[in-house]
Each structure stands twice: as C-alpha cells, then as structure tokens.
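Working notes, structure below.
The values are calculated or read from the model by the stated rules, or taken from the named source; none is laboratory data. Because the structure is a prediction, the values reported are computed rather than measured. Cβ placement follows ideal geometry from the backbone for every residue including glycine, while neighbour counts extend to all protein chains displayed.
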Amino acid sequence: MAKQFRVLGVPLPTKQLGDVIPVPAVVRPVTTTTFTIVSSTRVSTVPEAEAVAGRLAAGLSTATGLPVTTGDGGSIRLSLDPGLGAEAYRLEITAGAVTLTGGSPQGLFWGVQTILQLECGGVLPGGVIEDRPRFPYRGAMLDLARHFFTADEIKAHIDQLVPFKINHLHLHLTDDQGWRLEIPGRPRLTEIGGGPGTGVDGAGPGFLTTAAYAEVVAYAADRFVGIVPEIDMPGHVNAAQVAYPELTADGQPVAPRTDTAVGYSSLPAGPETTYAFVEDVIRTVADLTPGPYLHIGGDECHSTPAADYRAFLERVLPIPAKYGKTVIGWHEIAAVDLPDHVVVQYWRPEADDAGTARAAAEGRRVIMSPADRVYLDMKYDADTPLGLDWAGLIGVERAYDWDPADRLPGVDEESLLGVEAPLWSETLRSVDDVHRMTFPRLPAVAEVAWSPRAARDWPSFRERLAAYGPRWDAAGVDYYRSPEIDWR
Ligand code: ACM
C-alpha cells in the first residue's frame, strides 16, 4: 500500500497515479518517483493558458497552505499541443518537474483537475497520464422550475461538477409550476411565473434575471462548462399560460399549479400567437447563450394530440437554427421527422425506442440519460428521504455499472454525443438537498462519460470514491455516505 506522510500529526496516504475520477485513459506510474510542492514552487505557462495556470496555482495553494504562484521558470509547466485534441491532455510527473500539455486551454483545465485530485500532503505521484474523453458531451441537469436555485447556488454547484470533467450544465428553466428566466419582451412570464408560491407545494419565489443568467453563463464558461438552456414545450407550459392566457387553446385563464402532475398542459398548435411567443422566447434565449445548444423539451405531451405535436414541432424545430443554435429535445421528438443536426436525449427507463433508433440510423446524435441509471432525483435506497422512485432505486453501483453504447438497440458508440445526469427538483429545496442527491452518483456517471470502457472497474471506482469523500467533507458538500462505499 501507499507510503504514509504526516501533516500536523495526521497520516495522509499518498495517491497512486491512477487515483482519479474519472479514471484516465492511460496511466503509467513510476512508483519510485514523487514530486513535492514547496514554498518556492511556481507554475509557468503560455499566454493562452494564464487563467488556467492561475487556477492551478490557487488550487495547490489552498490544498497545501504553501504560496504557490504563477511565474517564469516554474517547476510546474503548462503548454499547448493542438494535435492532442481540444479536451485531451498529457501529464508527466518526475521528481524535478510536472509537465502538463493540453490540446487547448480546456484540455489543460481538465489536466489541472487531475493534478488537484492527485495532490495529497503536497506530494504528486510520479509517472505519465495520457487522457482524453470518450464522449464530447458530459452533462448534468438542474431543474430550476420545480424549486428555484439562485445564480450563486448554481455557481456553487458548478464548482462541484468541474472536478469530474463535466462540460455541460443543462438548466431546466420552465415548467408547469414556474418560469425561471426573464424574457424582457414577455415580462409577465417571470413577474407571475417566478413570483411567490410558484415552487412545488407553494415554495418559491425566484427567477434568473437576464443579468443573473449572463453571470452564470460567464462563470461556467470560465470553467469550460457550457450552459444548455431548456424551454420545455409544447407541454409543461402551465406557468406560461397562467402569465399569458392567450397561450391557452380557448384563450381563457388557467389556474397556477404547484402539484407534481405532468402531461396536462399544452401550447395549441394552430394559432399564430403560439409561434410568435415561441420565436420571441427562443430568440431571447439564443441571444443570451453563447454555447451551441438550445433544448426545447418536447417530453410528456400527454394532452397534445399526435397530429398537433407533429405540426407544432415542424414549425418550431427550425427556429433555433435561425439563431445559430443546435436543438436538443427529449426523445419523444424523435417520433416526428427531424431536421438534420437535432440531438435526441433519451430518458425513459425502457431499453428500447424506435424513434431514437431511427434518428440514430439517420445520422443524428443521441445523449443518453436513462432514468433508471442516471436520474439523480431517484432515491438511492428505500430509506432515502428525498427524491422519487418511479424509475427505481439507484445506488452508486447501479449508476456506474452500465454502458451507454449497450443501452438502446440501434444506438451505438458512433451515434452517441454523450451522457447526461438529470436532477429534477420536485423534492429538493436547498443546495444541500441537491448535493446529497448528486454526490456520490454524479462521479459515477462522469466516469461512464469520460473514461474508456475498458478502463472502468467498479472495485477500483469504489476505492477512488472513498478516497474522494474527505474532499467533499473539506468543501462542506453534503454527500450521501452510501453504505456501498467504505468511506474514510
Ligand atoms: C423527463 O423526465 N420528463 C424528461
């Protein structure tokens, strides 16, 4: 086993080179070598990566209590090699130097996450890591509609996603209960839909102003995380219809709803008022969002006749492209003929879906989010106080031990854009609630999305997760101490 170092009398095991979540693609340890951080340690870099170098220096300073700074001639060196691929990095640790090469500043940033996980008691284990993601899209989703979370709370959540190399945060911004993003041309959406009592069972209020949303987008971008905004339609629209009764089929007002039923509301497919509204909202959200994706929902439209659903999507699916965005939709949208480039997000627990398979056969990409594996709002076990159980109980091993390329007939490795772990917030009222459902399952899903399939191994993951627990303790993250893991 690992050598023991003592810091202030507390024994700290040194890390092995592969003790990282998600496990890197290639790990070549040199067990006789370590690099020791001292008070004169500096991080040097190329100009394009100064911000990333600053984050590494700050992270190492916090972890070691030593004044690690950036500057020329450092023993920790960051450089770029675009030939590696944008998100890839190579890390070499010798006794005298740490050399991190990234395919881009983003690849360097993921390498920095690896270094920060490997650091223990001021020591880094020797050897070489060569790493790159299996899938380009590695996501988490947070539902702001059922219970609202502030910009600061979302930022705190992003801080905890980044160590696991998650590169997209999908925000579910609108639903039957509430509307959580200001649309300046339609002020009643948030005046009413973000007002008091709009959370489940009357919780609330809250919404992101355009300035607060921009702040979240910028904070995420600084950490190489893209925000994916979702405006759910044509169903899940009761809050919009409460705010603007002209969006109902008969133009009559509807009552606010804060229960958790689904499938009862729908934008009517006939009237032009529907499409004027949709265009206004999509244009605004596209303008506020620098990333490539805009999610239009499309799920659980149980009260929308099939012909209306088709007519609605035929009008709406081309709109985001006019504003430079690629559409993502829940997989129900694959029942209709889709424009090219639409991304289908599979979510049901069933192991089959003809529409998604057809979309994949026609060359469209799929994000895999099967509810029975990666829905972070499902209870861990029968005793979990928070969460739901309609897709089953999801322990840590269940979230880990599956493969996205085996999940749906007709959807293989080449069709997959990636994997996303959604977190619906019907029962979640605080960041602590969010963290308790997210951790430790999100790291399991992150490893499914990042690491080569052949490198994944549950006994190894279990050990690495146990070793991560003290980091959450130190950061005040209220994770679930699952009995599946031998926590330290
Ligand atoms: C969903 O869970 N309704 C996408």
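Some notes on this structure:
- Only listed residue being surrounded by fewer than 14 Cβ atoms within 10 Å (Cβ to Cβ) and either within 20 Å of R464 (Cβ to Cβ) or without any contact (Cβ under 8 Å) to a residue 24 or more places away in the chain (or both), chosen from P24, P47: P47
- Residue match in the stretch 367-380 (condition: surrounded by fewer than 22 Cβ atoms within 10 Å (Cβ to Cβ) and over 24 Å from P234 (Cα atoms)): yes
- Tallying residues that are surrounded by 16 or more Cβ atoms within 10 Å (Cβ to Cβ) and in contact (Cβ under 8 Å) with a residue 40 or more places away in the chain within the stretch 174-187 yields 9.
- Flag if V228 is within 16 Å of the ligand (Cβ to nearest atom), closer than 30 Å to K165 by Cα and either buried (at least 23 other Cβ atoms within 10 Å of the Cβ) or not charged (D, E, K, R) (or both): yes
- Qualifying residue in the stretch 144-152 (condition: of a type in the set (A, V, I, L, M), surrounded by fewer than 20 Cβ atoms within 10 Å (Cβ to Cβ) and closer than 27 Å to H435 by Cα): yes
- Single condition M368 does not satisfy, out of (1) away from the ligand (no atom under 16 Å from the Cβ); (2) under 22 Å from the mean Cα position of the chain (by Cα): (1)
- Looking across the stretch 473-488, the residues that are over 16 Å from G395 (Cβ atoms) and free of Cβ contacts under 8 Å to residues at least 40 places away in the same chain come down to D473, A474, G476, R488.
- Looking across A359, A321, A311, A307, one residue alone is surrounded by fewer than 23 Cβ atoms within 10 Å (Cβ to Cβ), under 24 Å from the mean Cα position of the chain (by Cα) and part of a helix (DSSP H, G or I). It is A321.
- Inter-residue pairs, beta-carbon under 8 Å, first among the basic types (K, R) and in the stretch 71-82, second part of a loop (DSSP other than H, G, I, E, B), 6+ apart: R77/T45; R77/A97
This table checks each residue for (1) touching a strand residue (DSSP E or B) at 6+ places or on another chain (Cβ under 6 Å); (2) outside any loop (DSSP other than H, G, I, E, B).
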site	(1), (2)
A211	no, yes
V217	yes, yes
A220	yes, yes
F224	no, no
V228	yes, yes
I231	yes, yes
Q241	no, yes
A249	no, no
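- Complete set of residues in the stretch 71-91 that are farther than 14 Å from G102 by Cα and crowded, with 20+ Cβ neighbours inside 10 Å: G74
- The residues on offer are A286, A276, A255, and the sole one that is surrounded by fewer than 21 Cβ atoms within 10 Å (Cβ to Cβ), within 11 Å of I231 (Cβ to Cβ) and either within 16 Å of the ligand (Cβ to nearest atom) or modelled with pLDDT of 95 or more (or both) is A286.
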